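Enquirer: There's a structure below that I have some questions on.
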């Protein structure tokens, strides 16, 4: 692409159509439901007979949702796709197609866009999702990624937030709080680097939590588990804003209360130790840190035997009558109101709020 | 929403969830294919049996695609929706649902977002499209709107860019070049205002071309005409980048050539006179100005009788063998190669290029 020596290609050198053609060439189609991908005014899909279609959209905005100082572009592309796949998993569906809009300022090069696309394509390959369309334009400043995902689910398996019943078990997949701890490590090292550019970032022994922040995964495997075990959760949501916020969403939508046991909240050892290092109560990171992209769901008690041996699912509490409120039982056996203090992209992030949350509750 | 006196509400006062709830309350659902709209991790759709699903996405970026100095926010919302509906019409489909992502800096107020949403909702009401989901987030600077539209079309009616056959008639809906002339008027008045803020903008007698720029419509009525007249176009595209560029897209995708007659290109009187005023050849504005959102399509000659009496459709030429190239016959009977010099969001707009295009061709 580039002329002698320089490896970087200005976006304007390709023009809009040339750029889109370059970025989207050789994109494979793997799903039967994709009739026509990139290259016309719209993609054409033929949903599997008997299935309903799920549609969700998430935006990732530079300076709000990510910081290019520590987020590699390829990871960013991967994450932009995966957080959308997670929304489909949260409906008990399987993601099938995505359309991607990317807006970049002229300071970006073709090679930079290539990296973002490489990440998106990688996510599509891993999750067997077809990249079927999009729009690439310039921006005055900054990088904006908008992904819309299309998924499928059989009508009788659709899981809304609103179906939780009294005494249903509240479960989460994986472990929580790790992505937020990864973010704190990255922000600490960024500050250290800004203060002293000779300093090498100290990311040692934090592979897991950094991975959770930089390269999250969508729990479509849990959707497969449900299918294999013939479970249809009574309600489900993905955990993008912290366990507390998502639990309250389910309670509100289902018009119910809940009781969560702090001691049951699954937390990885690395998350635990890093939280302690930052002076944060580990469960508070799980309750209010964001971006874990695990699934929070409720099942009937009669389904308990089907998940009790799974390493990937933890029962953390149960659904109660609405009049009983949304409660957290702490490890020292105190009862608190569950409050969402989590991420709120329109408010300034206040890390202190997270560390002092427990006292306020 | 606001405290005593002031009518403007800061976005942060509502928080992310509060803001989304406020902006998306009371959104009606009119299509049978919409099972669940806003309010869960994904919208749920049940496509009409026998139909295929169309998906398209367009981004509108402040400073690239619009200028808030002359684009009212409500019109902007309307246009953001309509340009997407146009993509579905270009596949011979009917738009059914949209999901909308909006990213704004903190300088925007709740009332400003309300205006954008009002425009989107208005477009949805006019075109009977359901607003089923989205994402609203903050940006570091500027306003970004990302709309994804879902449409439906019967399998045997899908119209790609690639089906044009030799001797098929090339047709356009409506008239061309008006939106670009509207833009030139708005840019002229903006410059005059910047030079002298006391000056009142002179927009007199330009209602039509200003409307075409600020509040375009999608030609779903032409899709209905096709259905009524039992026409399936052999190829189709919507005219967002100028007639020349779109004709070349059809020729390339169909592996054919074309012959377009300059004298046949439909141009409104206001467009014609404004072009003359700016020293631009009117047909050059039609060929290379953008954003008309009319439909360019080809039909078999045997379908000619079905459209010949329509006030909304003009035959402007015909498809030829690829070896004959893509040609324009001028009113003075010269033959030129058809060149796309139109809009290219990644290159700097060069108005002179448009005025001198004809000489270069």
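Enquirer: Any chance segment A:169-179 includes a residue that's crowded, with 22+ Cβ neighbours inside 10 Å and part of a helix (DSSP H, G or I)?
Expert: yes
Enquirer: Counting only residues that are farther than 20 Å from residue A:43 by Cβ and free of Cβ contacts under 8 Å to residues at least 60 places away in the same chain, which one in segment A:98-115 is nearest to the other protein chains (Cβ to nearest Cβ)?
Expert: Going through segment A:98-115, the residues farther than 20 Å from residue A:43 by Cβ turn out to be A:104-115.
Those left that are additionally free of Cβ contacts under 8 Å to residues at least 60 places away in the same chain: A:105, A:107, A:112, A:115.
On the way: A:105: 10, A:107: 13, A:112: 14, A:115: 18 Å.
Taking the candidates together, the pick is A:105.
Enquirer: Let me ask something else. Among the numbered conditions (1) within 14 Å of another protein chain (Cβ to nearest Cβ); (2) closer than 23 Å to residue A:40 by Cα; (3) crowded, with 23+ Cβ neighbours inside 10 Å, tell me where residue B:43 comes up short.
Expert: So the condition that residue B:43 fails would be (2).
Enquirer: Sticking with this one: Quick one: residue B:152 ticks every box in (1) within 14 Å of another protein chain (Cβ to nearest Cβ); (2) touching a residue at least 40 places away in the same chain (Cβ under 8 Å); (3) closer than 27 Å to residue A:138 by Cβ except a single one, so which number is it?
Expert: Unmet for residue B:152, out of (1) within 14 Å of another protein chain (Cβ to nearest Cβ); (2) touching a residue at least 40 places away in the same chain (Cβ under 8 Å); (3) closer than 27 Å to residue A:138 by Cβ: (3).
Enquirer: Report yes if residue B:35 is in contact (Cβ under 8 Å) with a residue 12 or more places away in the chain, facing another protein chain (nearest Cβ under 7 Å), touching a strand residue (DSSP E or B) at 6+ places or on another chain (Cβ under 9 Å) and surrounded by fewer than 24 Cβ atoms within 10 Å (Cβ to Cβ), otherwise no.
Expert: no
Enquirer: Still on this model: Mind checking which residues of segment B:46-72 are modelled with pLDDT of 95 or more, over 14 Å from the mean Cα position of the chain (by Cα) and closer than 29 Å to residue B:138 by Cβ?
Expert: B:55
Enquirer: Run residue A:86 past the list (1) at pLDDT 90 or above; (2) crowded, with 17+ Cβ neighbours inside 10 Å; (3) over 23 Å from residue B:142 (Cβ atoms); (4) in contact with a helix residue (DSSP H, G or I) (Cβ under 8 Å, 6 or more places away or on another chain) and report the number of the one that doesn't hold.
Expert: So the condition that residue A:86 fails would be (4).
Enquirer: Another question, if that's okay. Just a yes or no: is a residue in segment A:298-308 within 24 Å of the chain's Cα centre (by Cα) and buried (at least 23 other Cβ atoms within 10 Å of the Cβ)? Even if it seems obvious, please write down each step before you answer.
Expert: Of the residues in segment A:298-308, the ones within 24 Å of the chain's Cα centre (by Cα) are A:298-299, A:307.
Next cut, buried (at least 23 other Cβ atoms within 10 Å of the Cβ) only: A:298-299.
For segment A:298-308, residues within 24 Å of the chain's Cα centre (by Cα) and buried (at least 23 other Cβ atoms within 10 Å of the Cβ): present.
Enquirer: Can I ask one more? Residue by residue through segment A:263-304, note down the ones that are closer than 19 Å to residue A:327 by Cα, assigned to a strand (DSSP E or B) and touching a helix residue (DSSP H, G or I) at 6+ places or on another chain (Cβ under 6 Å).
Expert: Residues of segment A:263-304 closer than 19 Å to residue A:327 by Cα: A:263-266, A:281-289, A:296-299.
Next, from what is left, pick out any that are assigned to a strand (DSSP E or B): A:296-299.
A:296, the sole residue that qualifies.
Enquirer: Please go through (1) in contact with a helix residue (DSSP H, G or I) (Cβ under 6 Å, 6 or more places away or on another chain); (2) more than 22 Å from residue A:306 (Cα to Cα); (3) within 11 Å of chain B (Cβ to nearest Cβ) for residue A:161 and return the number of the only condition it doesn't satisfy.
Expert: Among (1) in contact with a helix residue (DSSP H, G or I) (Cβ under 6 Å, 6 or more places away or on another chain); (2) more than 22 Å from residue A:306 (Cα to Cα); (3) within 11 Å of chain B (Cβ to nearest Cβ), residue A:161 violates only (2).
Enquirer: Taking segment A:126-142 as the search range and keeping residues that are outside any strand (DSSP E or B) and under 28 Å from residue B:132 (Cβ atoms), which one is farthest from the other protein chains (Cβ to nearest Cβ)? Give the derivation first.
Expert: Step one: of segment A:126-142, the residues outside any strand (DSSP E or B) are A:126-129, A:139-142.
Narrowing the set further to residues that are under 28 Å from residue B:132 (Cβ atoms) leaves A:126-129, A:139, A:142.
Numbers: A:126: 20, A:127: 15, A:128: 18, A:129: 13, A:139: 5, A:142: 6 Å.
The extreme case among them is A:126.
Enquirer: Let me ask you something else. Among the residues of segment A:65-84, is there at least one that is touching a strand residue (DSSP E or B) at 6+ places or on another chain (Cβ under 7 Å), facing chain B (nearest Cβ under 10 Å), touching a residue at least 24 places away in the same chain (Cβ under 8 Å) and under 15 Å from residue A:220 (Cα atoms)?
Expert: yes
Enquirer: Let me confirm something: among B:78, B:117, which residue is over 16 Å from the mean Cα position of the chain (by Cα) and surrounded by 20 or more Cβ atoms within 10 Å (Cβ to Cβ)? It would help to see each step written out before you state the result.
Expert: On the way: B:78 fails: over 16 Å from the mean Cα position of the chain (by Cα).
Selected residue: B:117, the only one of B:78, B:117 that is over 16 Å from the mean Cα position of the chain (by Cα) and surrounded by 20 or more Cβ atoms within 10 Å (Cβ to Cβ).
Enquirer: While we're looking at this one, here's another question. Considering only segment A:13-28, state which residues are under 12 Å from residue A:131 (Cβ atoms) and surrounded by 16 or more Cβ atoms within 10 Å (Cβ to Cβ). Working first, answer last.
Expert: Of the residues in segment A:13-28, the ones under 12 Å from residue A:131 (Cβ atoms) are A:23-28.
Result: A:23, A:24, A:27.
Enquirer: Return yes or no: is residue B:145 surrounded by 19 or more Cβ atoms within 10 Å (Cβ to Cβ) and in a strand (DSSP E or B)?
Expert: Details: surrounded by 19 or more Cβ atoms within 10 Å (Cβ to Cβ): yes; in a strand (DSSP E or B): yes.
Yes.
Enquirer: Return the total of residues in segment A:204-243 being over 15 Å from residue A:179 (Cβ atoms) and in contact with a helix residue (DSSP H, G or I) (Cβ under 6 Å, 6 or more places away or on another chain). Working first, answer last.
Expert: So the first thing to find is which residues in segment A:204-243 are over 15 Å from residue A:179 (Cβ atoms), and the list is A:204-205, A:220-237.
If we keep only those that are in contact with a helix residue (DSSP H, G or I) (Cβ under 6 Å, 6 or more places away or on another chain) too, we end up with A:220, A:223, A:229, A:231-232, A:235, A:237.
Residues in segment A:204-243 being over 15 Å from residue A:179 (Cβ atoms) and in contact with a helix residue (DSSP H, G or I) (Cβ under 6 Å, 6 or more places away or on another chain): 7 in total.
Enquirer: More than 26 Å from residue B:141 (Cα to Cα) and without any contact (Cβ under 8 Å) to a residue 24 or more places away in the chain, is that true of residue A:17?
Expert: Working: more than 26 Å from residue B:141 (Cα to Cα): yes; without any contact (Cβ under 8 Å) to a residue 24 or more places away in the chain: yes.
Here the answer is yes, as residue A:17 does meet what is asked.
Enquirer: All but one of (1) within 14 Å of chain A (Cβ to nearest Cβ); (2) modelled with pLDDT of 95 or more hold for residue B:123; which doesn't?
Expert: Residue B:123 satisfies all of (1) within 14 Å of chain A (Cβ to nearest Cβ); (2) modelled with pLDDT of 95 or more except (1).
Enquirer: Filtering segment B:206-243 down to residues that are within 14 Å of another protein chain (Cβ to nearest Cβ) and modelled with pLDDT under 95, which residue is surrounded by the most Cβ atoms within 10 Å (Cβ to Cβ)?
Expert: Here the residue is B:242.
Enquirer: Then there's this: Test residue B:216 against the criterion of being over 18 Å from the mean Cα position of the chain (by Cα) and not assigned by TED's automatic domain parsing to the domain that holds residue B:64, and give yes or no.
Expert: Answer is no for this residue.
The values are calculated or read from the model by the stated rules, or taken from the named source; none is laboratory data. Keep in mind that what you see is a predicted model, and the values were worked out from it rather than measured. Don't worry about glycine lacking a Cβ; one is built from the backbone with ideal geometry, like all the others, and counts go over all protein chains shown.
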